[in-house]
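Just below is one structure, and these are the notes that go with it.
Taken together, the values in this text are just the output of simple stated rules run on the coordinates, not laboratory data. Everything numeric here is computed off the predicted structure, so don't read it as measured data. Backbone-built Cβ (ideal geometry, glycine too); neighbour counts: all protein chains shown.
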Amino acid sequence: MTVEDIARLLNARKVGRGKWVARCVAHPDRNPSLSIAEGRKVPVVLKCMSAGCETSAILAAMGLSWDALFDGKPKPEVRARLSFMEQKESLERQLGLAVVLQGIERAKRTYWAAAERRIRSELEQVRCRLEPEKVWQEYRERTFRERVRKHGWERLWQAVQ
């Protein structure tokens, strides 16, 4: 795998030529502390600056092995994840365009509204593949809020908090 592939897997932000930063996946991280860089002897260098996590722990949390850094060929699971990430980025761009066009083209507003609904549905399906735990947590919170509102438990819920 290339350093760019690993940076994309970690949603890293580019900070320089051949350098990225991301949140460390080996420990709970609020701020980006994982340094990703092109190495001289090793193709990819991963270094956690806050907790000092070992590279093996970072790779294990990503579901990768050491050979992923040297081989250059990502495993099928990693290729599928990268494909879903690219699909998500494309759908997000399409969604932004559909929203803008609803405001610009008043005559085709219903067309662009339908396109927006379709894109949001596809985006949700891709999100379910990429981050199932996060989508499940959002669903649980949303249904809980709906039940609280439906049964009029707002005051009770505020008293508990």
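Of note:
- The Cα atoms of the stretch 84-161 give a gyration tensor whose axes a ≥ b ≥ c have a/c of 1.5 or more with a/b no greater than b/c, which makes the shape oblate.
- Three-way shape call for the stretch 3-74 based on the alpha-carbon gyration tensor, with the a/c threshold at 1.5: oblate
- Relative contact order computed over the stretch 54-161 (Cα-Cα under 8 Å; 6+ residues apart), in percent: 19
- Only one item in (1) 59, 49, 29; (2) 49, 38, 30; (3) 43, 36, 29 matches Cα extents along the principal axes in Å derived from the coordinates shown, and that item is (1).
- Sequence-distant lysines (8 or more away, or on other chains) whose Cα lies within less than 27 Å of K47: K14, K19, K73, K75, K134
- Cross-link partners for K108 among the lysines, with Cα-Cα distance under 30 Å and sequence neighbours closer than 8 places in the same chain left out: K88.
- For the peptides 36-45, 147-156, residues were scored by their other Cβ atoms within 10 Å and the scores averaged per peptide; the highest-first order is 36-45, 147-156.
- Rel. contact order, % - alpha carbon contacts under 8 angstrom, at least six apart, the stretch 3-74: 22
- Difference of contour (0.36 nm per residue) and Cα-Cα distance, Q94 to R30: 20.1 nm
- Multiplying the residue separation of E124 and K108 by 0.36 nm and removing their Cα-Cα distance gives an extension gain of 3.3 nm.
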